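Since the structure comes first, as structure tokens, the remarks are kept for the end.
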Amino acid sequence: MSRWKAGWINELSLLVHRKKIIAFFAFSLLLPVLLAVSLHALQPVLGLVAVSQSFPIQMLSIYTSAWIPLFIFTVTADLFPNEAASRTLKLAFLRPNTRFKVFFAKVAALAAGIGALLVLLGAATLVCNVFAGTALSLAAGMGVFKAYAAAFVSMVALSAVFVFISQWFKSATGFMVFAIVLYAALKISSFLLGAMSTFSPASYTDWHMLWIHPTVAAGKLWSTSLYLLSSGVLFFALGYFIFDRKEV
């Protein structure tokens, strides 16, 4: 366990020191502010409150549909295809760790990055609420926490899909292009093929909305939770299966 933890901390350290990841988190602090200012400028036209108590939930839908998936593609490209292309993946195997621990440490680092990004984005939107004079009540705050926790689960499940896909690429650029095109195609297909979208993890980027809707049955929440969990485990296992047999 201590060896896996050391590998996980090493992967986190490598991510933190990448300039593109630093830029990603820095812009994440500005993103809610820019959106809040834009909404405020459009307020006379739209006739809506620029930053209401639902602002953190409204922004979460934007985060999970575009911003966090882009973060997932970027980090996954660095963790797998980029290291394979630069031959640095061999260094991970020189340490006394199994391939499973190396793979799991990378996936756990990606999950930690998703969690940190959600915390940062959530905190920034809450600060926007405070400065706009629409601070949340305790009940509303608990709803926001529940929504962001549910978003973390759906984003981790989505990341497992693209970690699996990344095992087929040796070029970070090639993977990024393919991942963006595939994700866009999956999002579009959910509108064209409603029945098929049930089986696509990309269709659950707004899954957090079910958790804050008072009329959603507990059975639906339970079934979708099991689906996301099972799909995440399945693609994690498939990704490791290919990773374990990869020549580096």
Count of the range 129-153 residues which are at pLDDT 80 or above and open to solvent by less than 60 Å² (accessible area, probe 1.4 Å): 7
Tabulated pairs, the range 1-21, first farther than 15 Å from residue 112 by Cα and open to solvent by 90 Å² or more (accessible area, probe 1.4 Å), second part of a helix (DSSP H, G or I) and charged (D, E, K, R), C-beta under 6 angstrom, 6+ apart or interchain: none
Cβ pairs under 7 Å, 6+ apart, first in the range 56-72 and over 14 Å from residue 36 (Cα atoms), second open to solvent by less than 40 Å² (accessible area, probe 1.4 Å) and outside any helix (DSSP H, G or I): 64/205; 65/205
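Results for (1) in contact (Cβ under 8 Å) with a residue 60 or more places away in the chain; (2) touching a helix residue (DSSP H, G or I) at 6+ places or on another chain (Cβ under 8 Å); (3) basic (Lys, Arg), shown as yes or no for each residue.
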residue	(1), (2), (3)
105	yes, yes, no
110	no, yes, no
123	no, no, no
139	no, no, no
142	no, no, no
146	yes, yes, yes
150	yes, yes, no
154	yes, yes, no
Pairs where the first residue, in the range 159-176, is among the basic types (Lys, Arg) and the second is at pLDDT below 95 and in a helix (DSSP H, G or I), C-beta under 8 Å, 6+ apart: 170/81; 170/84; 170/85
All helices (runs of 4 or more DSSP H) inside the range 116-224 with 2 or more residues being under 30 Å from residue 99 (Cα atoms) and within 18 Å of the chain's Cα centre (by Cα): 138-166, 172-192
Residue list for the range 26-54, restricted to those being surrounded by 17 or more Cβ atoms within 10 Å (Cβ to Cβ) and modelled with pLDDT of 80 or more: 28, 31, 32
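The values are calculated or read from the model by the stated rules, or taken from the named source; none is laboratory data. Since this is a predicted model, take the numbers as computed values, not measurements. Quick reminder, even Gly has a Cβ in these numbers, built from the backbone with ideal geometry, and neighbours come from all protein chains shown. The protein model used for the area step is the full one, side chains on, heavy atoms only, and it has no ligands, DNA or RNA in it. Shrake-Rupley method; radii C 1.70, N 1.55, O 1.52, S 1.80 Å.
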